[in-house]
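To keep things clear, I will list the structure first and then write my remarks on it.
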Amino acid sequence: MSRPRPSPLPFDRRYGPWAVVTGAAAGIGRAFARDLDRRGLRVFAVDRDEEGLSRLQAELPRCATLTLDLTRAAVADVLQEALGSREVGLLVNNAGAAVTGPLLDHDPQAEAAVLHLNARAPLLLTRALAPAMVARGRGGLIFVSSTIAFNGGPWLANYAATKAWNVAFADALTVELGPAGLDVQCVAPGMTETESLARSMDMSRLRLKPLQPEQVAAASLEALGTRSLVVPGAVNKASTLLSRRILPRRLRHALMQAARPVVPEDG
């Protein structure tokens, strides 16, 4: 990926006053919301988990929330109507989901929902919010991917493919939107200690200690405007380098299976 040029503006002026964070009720999205609030931005938190959003708003009183299923067809229209006249300077496309186990065992509609949430929603929200940023000549777009985008994902095939889409999409937008003043970044965390990880992985068999959501958010925001691809954690950086440049596919997949003990959806 190309390397953006750092901006002389302070963080809150470069990416404020409002930041939209999807999947903000828990995990990495919640960590992004809390970190952005500390950096002086107003957070507009989007999630389908109304109770989780209420807890976040109790913690961050300046935060505004929207309960929304991001797989809906008119997701961008609903978000823009809810935003009203708020000036959004940063979009964090974090919301995501996975269906684990053999692809042919899954309900096609469930896999289609994963595709809509992980790829279609970031596409539509970016298309909706980026034009105003371009018009102002400043702003940021963050796409939360995963190291599985580089390492391969047997038994997580669709999820891995959607995360690879985010890498490619962000990479292209660094070239398309960078000259207009937008900082575009893809952050690819490895295994991170979230509720969704606990549901999809046998945590007792993990070979590596997961990252904390706060580590992922901090690594992303500290590098925003200077690095367009962020892989938090030294082990993740090394494994990503190996998988992208050295290891053959068969060995890469074998290592991923060993490191990620998947819990099937019906298990």
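The values are calculated or read from the model by the stated rules, or taken from the named source; none is laboratory data. Every value quoted in this text rests on a predicted model; they were computed, and no experiment measured them. Reconstructed Cβ throughout: ideal geometry from the backbone, glycine too, with neighbour counts over all protein chains shown.
Here are some notes:
- Restricting the range 96-116 to residues that are in contact with a helix residue (DSSP H, G or I) (Cβ under 8 Å, 6 or more places away or on another chain) and assigned to a helix (DSSP H, G or I), the residue that is modelled with the lowest pLDDT: Leu103
- Meets criteria (touching a Phe, Trp or Tyr at 6+ places or on another chain (Cβ under 8 Å) and free of Cβ contacts under 8 Å to residues at least 60 places away in the same chain) for Ala119: yes
- Counting only strands (runs of 3 or more DSSP E) that fall entirely inside the range 1-93 and contain at least 2 residues that are loosely packed, with under 15 Cβ neighbours inside 10 Å, no element qualifies.
- Cross-chain or 6+ apart pairs with Cβ under 7 Å, the range 28-45 first and of a type in the set (Asp, Glu), then in a helix (DSSP H, G or I) and modelled with pLDDT of 95 or more: Asp35/Ala217; Asp35/Ala218; Asp35/Leu221
- Selection within the range 83-94: residues that are in contact with a helix residue (DSSP H, G or I) (Cβ under 6 Å, 6 or more places away or on another chain) and aliphatic (A, V, I, L, M). The member of this set that is nearest to Val230 (Cα to Cα) is Val92.
- Scan of the range 19-52 for residues that are within 10 Å of Ala95 (Cβ to Cβ) and in contact with a Phe, Trp or Tyr (Cβ under 8 Å, 6 or more places away or on another chain), ordered by number: Val21, Ala24
- Residues that are part of a helix (DSSP H, G or I) and at pLDDT 65 or above do not occur anywhere in the range 242-261.
- Every test in (1) touching a residue at least 12 places away in the same chain (Cβ under 8 Å); (2) within 23 Å of Pro131 (Cα to Cα) is passed by Ser85 save one, and that test is (1).
- If you go through the range 135-153 and pick out every residue that is of a type outside the set (Lys, Arg), within 17 Å of Arg13 (Cβ to Cβ) and not in a strand (DSSP E or B), you end up with 2.
- Qualifying positions in the range 19-54 - more than 18 Å from Ala218 (Cα to Cα) and either modelled with pLDDT under 95 or touching an Asp or Glu at 6+ places or on another chain (Cβ under 9 Å) (or both): Arg48, Leu53
- Residue that is farthest from Leu66 (Cα to Cα) [pool: residues in the range 98-118 that are surrounded by fewer than 19 Cβ atoms within 10 Å (Cβ to Cβ) and among the hydrophobic types (A, V, I, L, M, F, W, C)]: Leu104
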